[in-house]
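As structure tokens, the structure follows; a few thoughts come after it.
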């Protein structure tokens, strides 16, 4: 993987800090792949994503790879954010402006710095102003989001120090918490939003993308509710799949009292972004955004299949 040097720091081609230059890989075919993908995306937008021939073309192109430079455009189409935006009554820019005003009234800035977090803690302790229940909920969400942003991809060049991407991440997560008050903010959301910001230059597109992912039954709706209800259901389904596909591995993990929810919860709720092999992560995300949450099971089974050749005693 190619590595570049920025501000005396070495980063790989995905933007993560590395200790030394990795091997360069040949992506000379990327231009031709991207041109083909553009044609297929145009077909997707005109004919819809559900037609089997179009889905097959997309799967084939994902398998070929070499489309990283246009992943943001691909994900926008796969997720159908234009449709989400059309049918949803939410003024993103207007609400972002209101967020800035509200932060200012509380003596806060659009920043994830420690000073902001300390002031929010002081506000919640009642050191400055009397707070309503709604104020308390809003401040708790803001503090948790700021804390999580600080530990989300801390070695990625977009999120080292106080960057505009961190501010965008704060905005989109605060806006989602405002839009869906029943869910608010849940740990794991920051990883997905940060992933999208790596590939989408338009902040508002990221908001509509996470809204689609978190609220659509095709993707992760009800994964983040208080009871993690759908996550619990998926854990049971995956347990059965593992016993069927990797019986020996399932028995070994069961003998160690390792239930699937102990490892797939972070995989599913963060879309595998906690894993180190970023090429694999992005390919899994391509397939999830194209076809839906069922690909979570495929990704998890594929990862565990790599472990199936190990010796269990």
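The values are calculated or read from the model by the stated rules, or taken from the named source; none is laboratory data. What you see is a predicted model; the values in this text were computed from it and never measured. Counting neighbours? That spans all protein chains shown, and the Cβs are built from the backbone with ideal geometry, glycine included.
What the table below lists for this structure:
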{"read-out": "Residue list for segment 103-134, filter: assigned to a helix (DSSP H, G or I) and either under 24 Å from the mean Cα position of the chain (by Cα) or loosely packed, with under 14 Cβ neighbours inside 10 Å (or both)", "value": "104, 105, 114, 115, 117, 118, 121, 122, 133, 134"}
{"read-out": "Test result for residue 238, within 16 Å of the chain's Cα centre (by Cα) and at pLDDT 95 or above", "value": "no"}
{"read-out": "Given (1) buried (at least 21 other Cβ atoms within 10 Å of the Cβ); (2) within 29 Å of residue 154 (Cα to Cα), number of the condition residue 234 does not satisfy", "value": "(2)"}
{"read-out": "Search result, residues across segment 24-43 that are modelled with pLDDT under 85 and either outside the structural domain of residue 67 (by TED's automatic domain parsing) or part of a helix (DSSP H, G or I) (or both)", "value": "30, 31, 32, 33"}
{"read-out": "Residue 107, sole failed condition from (1) touching a helix residue (DSSP H, G or I) at 6+ places or on another chain (Cβ under 8 Å); (2) within 28 Å of residue 278 (Cα to Cα)", "value": "(2)"}
{"read-out": "Residues that are assigned to a helix (DSSP H, G or I) and over 18 Å from residue 227 (Cα atoms), drawn from segment 261-283", "value": "278, 279, 280, 281, 282, 283"}
{"read-out": "Matching option when the condition is surrounded by 20 or more Cβ atoms within 10 Å (Cβ to Cβ) and at positive phi, among 272, 289, 268", "value": "272"}
